[in-house]
Amino acid sequence: MCAVVPAGLRTFRLRPTCNGTTLKEKQLKEIQAPTTNLYLPILYLLAFVVGLPSNLLALWVLVFRTKPLPSIALLINLTVVDCLLLMALPFRIVYHFKGNHWELGEPFCRLVMAIFYGNMYGSMWCLAFVALDRYIALVHPFSARTLRSQWVSLCMSAVVWTVVLAAMLPLLVSQQTYNVSTLQITTCHDALPEKEQENYFLPYFATLFAICFLLPFAIVLYCHSAVLRTLLAERKRYIHAIRVTVLVLLVFIVCLLPSNILLLLTYADGSLDGDSEDLYVPYMVSLAVSTFNSCIDPFIFYYVSTEFRHKVRAMPQCTKGRRKTALCTEHTATAEDFTV
């Protein structure tokens, strides 16, 4: 007689059977429900269609139409991180449309999930460093020349990509695909053995939540509040600063906070009563919504950098050949490129 492992959690706990592995009846219905097989891929598709073109356009402007300043380097890193995240979405879209059935093999499942989570958490540190750079430029202008150097920018970029790689590594080295014999599907990160979840993924995601969400979120809140206080005290224009603050808070609070909280709740089953798998669908929806942070980031660039704003406004005239001398020549950036 085969032993049965208790089921629960966001990534469903597999139950061994004599013929393979399966899930509880309720979980089998949820993993094949319209919410996960229709609405989720539509959300991912919308994020991909809106986010990838806007980020590629932003990357082109930042790389080929702006001065290579330290502040611009931070925006380039954020755009690259967003593009990598968005490029993983087509595989998630196909996976969900096929009823949560993965056909591309174990190695590619690991790679897609690693890119997905790694770049999501890397983007949070990018936003934190962008906020820190603006804070130095506007609150401590006399220190800006020293603290906003190419070397500091390089160090910040190194931290971002270290976070990305560190977040990717545990997913790259652990098994992600498992067969659900009852449904004759192979899941990708949606059904995992109990020991894997409690001993491996719970500490992993708890660490990411603390270091790659709470800490950058605290930096963002402090830096943006300090910038707004400084502008109000000096009676300077602050409309762009307010817009940047609202957009960044929208990214963290609306896009990223729900998925991170639900992720911890669903893995920490010891604090939950009843059927903790009830959080599977809400978490999956919040995870899809979290990808929309990549759609919002180009608008943050627009309000955070005068040079980026100048180049984007100049593009229609440049493409039509109008006023090329006035609008299409290289813009000379000031020492404080991140302005309000």
Self-check item: Residue tally, condition more than 24 Å from residue 283 (Cα to Cα) and of a type in the set (Gly, Ala, Ser), over the range 205-229
Solution: 2
Quiz prompt | Residues (assigned to a helix (DSSP H, G or I), touching a helix residue (DSSP H, G or I) at 6+ places or on another chain (Cβ under 8 Å), modelled with pLDDT under 70 and surrounded by fewer than 21 Cβ atoms within 10 Å (Cβ to Cβ)) located in the range 261-308 | solution = 269, 271, 276
Quiz item: Does residue 259 satisfy being polar (S, T, N, Q), free of Cβ contacts under 8 Å to residues at least 60 places away in the same chain and over 27 Å from residue 118 (Cβ atoms)?
Solution: no
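Here is a yes/no grid of residues against (1) touching a residue at least 60 places away in the same chain (Cβ under 8 Å); (2) farther than 21 Å from residue 171 by Cβ; (3) surrounded by fewer than 19 Cβ atoms within 10 Å (Cβ to Cβ):
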residue: 66; (1), (2), (3): yes, yes, no
residue: 72; (1), (2), (3): yes, yes, no
residue: 80; (1), (2), (3): no, no, no
residue: 88; (1), (2), (3): no, no, no
residue: 92; (1), (2), (3): no, no, no
residue: 97; (1), (2), (3): yes, yes, yes
residue: 104; (1), (2), (3): no, no, yes
residue: 107; (1), (2), (3): no, no, yes
residue: 111; (1), (2), (3): yes, no, yes
Quiz item: Got a sec? Which of 226, 218, 166 is more than 25 Å from residue 304 (Cβ to Cβ) and at pLDDT 90 or above?
Solution: 166
Quiz item: Just a yes or no: is a residue in the range 185-204 within 18 Å of the chain's Cα centre (by Cα) and either of a type in the set (A, V, I, L, M) or farther than 23 Å from residue 115 by Cα (or both)?
Solution: no
Self-check item: Complete set of residues in the range 66-115 that are under 25 Å from residue 160 (Cβ atoms) and of a type in the set (Gly, Ala, Ser)
Solution: 71, 73, 88, 114
Quiz item: Any idea how many residues of the range 113-138 are under 24 Å from residue 42 (Cα atoms), touching a residue at least 40 places away in the same chain (Cβ under 8 Å) and among the aromatic types (Phe, Trp, Tyr)?
Solution: 2
Quiz item: Residues 84, 74: which one is aliphatic (A, V, I, L, M), touching an Asp or Glu at 6+ places or on another chain (Cβ under 8 Å) and either over 21 Å from residue 36 (Cβ atoms) or at pLDDT below 95 (or both)?
Solution: 74
Self-check item: Subset of the range 180-221 [of a type in the set (Gly, Ala, Ser) and either more than 24 Å from residue 122 (Cα to Cα) or touching a residue at least 40 places away in the same chain (Cβ under 8 Å) (or both)]
Solution: 181, 191, 206
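The values are calculated or read from the model by the stated rules, or taken from the named source; none is laboratory data. Everything quoted here is computed from the prediction, not taken from an experiment. Neighbour counts run over all protein chains shown; Cβ positions are idealised from the backbone, glycine included.
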